[in-house]
Every structure is written in structure tokens, then in C-alpha cells.
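**Q** Sharing a structure, written as C-alpha cells. Questions coming.
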Amino acid sequence: MRKRKWFLLAVVFLLLGGFSGWYLLSNSADPYASLKEERRFAVPDTSRIGKIFLAHRDNETVLLERKGTQWIYNGNWKVRPGAMENLLDAVRRIEIKYQPAQAAVPNMVRDLGSEGIKVEIYDKRNRPLAVYYVGGSTPDERGTFVIREGYNQPYVAHLPGWEGNLRFRYSLKGQDWRDRSVFAEDPDRIKEVSVEYPKQRSQSFRLEKSGSGYRVTPFYPGTPEIQAPYRPGAAEAYLVGFENLVAEAFENEYSFRDSIEQMIPFAVVTVKDKDDQVKTVKFYPILSASPATDPKSGMLSGSAAVERYFASLSTGDFMLVQNRVFKKIFWAYPFFFEAGIQ
């Protein structure tokens, strides 16, 4: 009987010891486990995040979802890399700067109640990692009001080593989240490019992949083919220009959009990739009020300079682009040949 009693006691102690070990190990895996739950805002390992949901007080919502190596905004559009990097940096490093004096709490709570952005962060299995509200800033703009959902104590938060209003990283809306890339092509995957200049037909061309090289021909059938030697590496150098062409802004709500799209464009650029996916962009020049200056002579040319274009994309977007960024793809047909560069 005594042996059985000692045996049962030994089993109980073993079970308790095992449970204690499991509890300590499971908690030691989380470096933030010692913090009170209401003070935990940061998600240090952002690679765990699968989704971020932001809800504004005006009922506008933002859903950012990880799809492979990309982030998608509201299920339809790629997210602008810079905007996502700023948000993830805030999510990873947000830290309590101080707990406010009790006298300041009522005003902070009112601010969070009226202006707070709800932030819901989920892992890749749709399990919540953090839910909190981001409100306004302190008078010196060096701290931001935050509060965990389900708790009554607000805090002033910041990013260590960075000064500014943390709210701006969460408060983007609509097209401010969207990637502004017009062309973001892998040059090796481009199958064909055509550039049509409706008012300069002889300068228009078509560039096509041909075996291990490229073939450049006139865009219009009536344009004579250039017989001069092809300039080695010209096609490859040209295609590199399509890797990262980003617009200045979206102009989808521009009031004169319909009128502009009825005009004859300066250029129509079409890119087809190896999967036969096609993107076409029409460029409409925005003439500046002052005439252009010849960079060699310094003399006025008598014609207005073009610094920007409206770009009408086959995807349905209407954007503002800069000539200094996009001029690299506005080659003329002769540029691909030895006689074309003077």
C-alpha cells in the first residue's frame, strides 16, 4: 500500500514538473511575455504577418494582404513599396515612450475615440497578433496617442531613433497605398515593344525578340527600313529602361480626363511579355508656359518645354508622369542603328 502511495506521489510530481517546464519554455520563447498585455503594441517579426486591416473613423477601410512576395491593397492592387515599408517599420518598432499623467487621459481617450485609426494585425493563419488604435500626436509632434483594444489606459508611443508623427504611417487612404509603377518589367521577359509616334510616323518602331537577338523594324508599313548596321547592344540597353518607371501621381479623378484622352497622343507604347500579357500606355504632353532652352546653345527654341505627361494606361488608370523619368523609352527608330546617333 505504501509503495502504491509513493508511486502516485512520484507521478504527480513528474506531471507538475513537466507542466512547469513547458510553461517556462513556452513563455521564454516570447521576449515580450513579461510585458503587461496592455503595453504590447509591436510585432517584432513582421515576416509572420499575413494581413493588416486599418479602419478609419469615416468608415473607410484598408486591407493589406501578403500574396507571396507582394502586398495587395483591398484585394485588387499592388501596394506602393515605400508605403508598405514605412508601415511595417512602425508595426515592428512601435514602442511606448511614456504613460501620460492621469489628468491628460480624458483628452487622449476622446481623441482616440473620435480620430483613432483601428489597427488589426494578423498572422498568415489569420490569427490576431495585435489590435490597437492610433490617434493624434503630442503638441511637439514627437509622440503619438495609442491604446490597446479592450483596455482603458492610453499611452504615448514613438519609434526609437525617429522623430515625427507616427500616425502618418497608418493614415494613408485610397490611391496613396497603390503602387505607382507604369512599367516594372524584367527585360529578359519582354517579347515585343512597339512605340508609335502618331505625329512623327517615321520615328515609330517595333522591337521584337528574334532567336538570341532582337529585330527592329518600322511601326508603319510605309516607312522605309533603315539599311545601316544595327548598333550592338542597343536593344538590350533600351529594354533596361522598362525595369522601373514610376508615375508621380494618380489622376483618375481629373476633371478634364475625357477631353485629354480624345486628343492625339505624343506616343503610344505597348509592351508584350513572354506570357503574351500586353500593356499599352498613351502619353499626352503637358506643355509648360515657358519656351524650352537648347541645352547646347542656351538659345530659346521657341516651343514650350515638356516636363510632364498625362499617361492613360490600358489597365484603366490615368496618371501624371515626368519626362525626365520616361524619356529613356522615347527612342526613335534610327537610334538602334549606327547612322542614327550623330
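Just so you know, all these numbers are worked out from the coordinates, no wet-lab data involved. Just so it is clear, the structure is predicted and the values come from calculations on it, not from any experiment. Every residue, glycine among them, receives a Cβ derived from its backbone with ideal geometry; neighbour counts consider all protein chains shown.
**Q** As an exercise, use a Förster radius of 35 Å and the Cβ-Cβ distance of residue 98 and residue 275 to find the FRET efficiency, rounded to the nearest 0.05. Don't jump to the answer; show the numbers that get you there.
**A** Details: r = 54 Å, r/R0 = 1.55.
Once the sixth-power term is evaluated, E becomes 0.05.
**Q** I would also like to ask the following. Tabulate in residue order the Karplus-calculated ³J(HN,Hα) for region 117-122, using 6.51 cos²θ - 1.76 cosθ + 1.60 with θ = phi - 60°, rounded to whole Hz; enter x for Gly and Pro.
**A** With the stated coefficients, region 117-122 comes to 9, 7, 10, 10, 10, 10 Hz.
**Q** Amide H to amide H, which residues 5 or more places from residue 305 or on other chains are under 5 Å from it, using H placed in the peptide plane?
**A** Sorted by chain and number, the residues that satisfy this are 288, 290, 292.
**Q** For region 37-177, compute Rh as the Kirkwood radius over C-alpha pairs and then the Stokes-Einstein diffusion coefficient at 10 °C and 1.306 mPa s; write the answer in µm²/s, rounded to an integer. Display every interim value, and only then the final one.
**A** Working: Rh = 15.3 Å.
Answer, rounded: 104 µm²/s.
**Q** Hey, can you grab everything whose amide H is under 5 Å from the amide H of residue 249? Only 5+ residues off in sequence or another chain; H modelled, so Pro and N-termini drop out.
**A** Residues meeting the amide H criterion: 320.
**Q** Positive end of the charge dipole of region 180-221 (Lys, Arg +1 and Asp, Glu -1 on Cβ, about the Cα centre): tell me which of 190, 200, 211 has its Cα farthest that way.
**A** Farthest towards the positive pole: 200.
**Q** For residue 151 and residue 264, compute 0.36 nm times the residue count separating them, minus their Cα-Cα distance, and round to one decimal in nm.
**A** Values: separation 113, 0.36 × 113 = 40.68 nm, distance 6.00 nm.
Full-extension gain reported as 34.7 nm.
**Q** Under unit Cβ charges (Lys, Arg +1; Asp, Glu -1), what dipole magnitude, rounded to 20 debye, does region 200-262 have relative to its Cα centre?
**A** Numbers: 6 positive and 9 negative charges, 103 e Å.
Around 500 debye, computed over region 200-262.
**Q** Among the listed pairs 282/327; 78/191; 36/124; 173/327, which are separated by more than 20 Å between their Cα atoms?
**A** Values: 282/327 14 Å; 78/191 23 Å; 36/124 25 Å; 173/327 30 Å.
Violating the 20 Å limit, Cα to Cα: 78/191; 36/124; 173/327.
**Q** Oh, and also: Dipole magnitude of region 181-340 about its Cα centre, charges +1 at Lys/Arg Cβ and -1 at Asp/Glu Cβ only, in debye to the nearest 20?
**A** Numbers: 18 positive and 21 negative charges, 92 e Å.
Here the size comes out at about 440 debye.
**Q** Let me ask something additional. Note down the nm distance, to one decimal, between modelled labels 7 Å out along Cα→Cβ at residue 107 and at residue 189.
**A** 5.3
**Q** Now for a separate question. Please identify every one of the GluC sites (Glu not before Pro) in region 243-291 that sits in a loop by DSSP and has no more than 16 other beta carbons within 10 Å of its own beta carbon. Could the numbers behind the result be given before it?
**A** Working: sites: 243, 248, 251, 253, 261; in loops: 243, 248, 251, 253.
Listed in order of number, the matching sites are 243, 248, 253.
**Q** Follow-up question, since we're still on this one. Starting at the first residue of region 140-154, write each ³J(HN,Hα) from the Karplus equation 6.51 cos²θ - 1.76 cosθ + 1.60 with θ = phi - 60°, in whole Hz, x for Gly and Pro.
**A** Values, residue by residue: 8, 6, 9, x, 10, 6, 9, 7, 6, 5, x, 10, 9, 9, x Hz.
**Q** In whole Hz, what ³J(HN,Hα) sequence does region 64-75 give by Karplus (6.51, -1.76, 1.60; θ = phi - 60°), x for Gly and Pro?
**A** 10, 10, 7, 10, x, 9, 10, 10, 10, 9, 6, x
**Q** What do you get for Rg/Rh of region 181-340 when both radii come from the Cα atoms and Rh is the Kirkwood radius? Don't skip to the end; give the middle numbers.
**A** Values: Rg = 16.4 Å, Rh = 16.8 Å.
So for region 181-340, dividing Rg by the Kirkwood Rh gives 0.97.
**Q** So between residue 305 and residue 228, what do we pick up on full extension, going 0.36 nm a residue minus the alpha carbon distance?
**A** Details: separation 77, 0.36 × 77 = 27.72 nm, distance 3.17 nm.
Separation in residues times 0.36 nm, less the Cα-Cα distance, equals 24.5 nm.
**Q** Using R₀ = 51 Å, calculate the FRET efficiency as 1/(1 + (r/R₀)^6) where r is the Cβ-Cβ separation of residue 162 and residue 256; round to 0.05. Let's see the in-between values first.
**A** Numbers: r = 40 Å, r/R0 = 0.79.
So the FRET efficiency works out to roughly 0.80.
**Q** Cα centroids of region 180-199 and region 132-162: how far apart, whole angstrom?
**A** Value for the Cα centre distance between the two parts: 45 Å.
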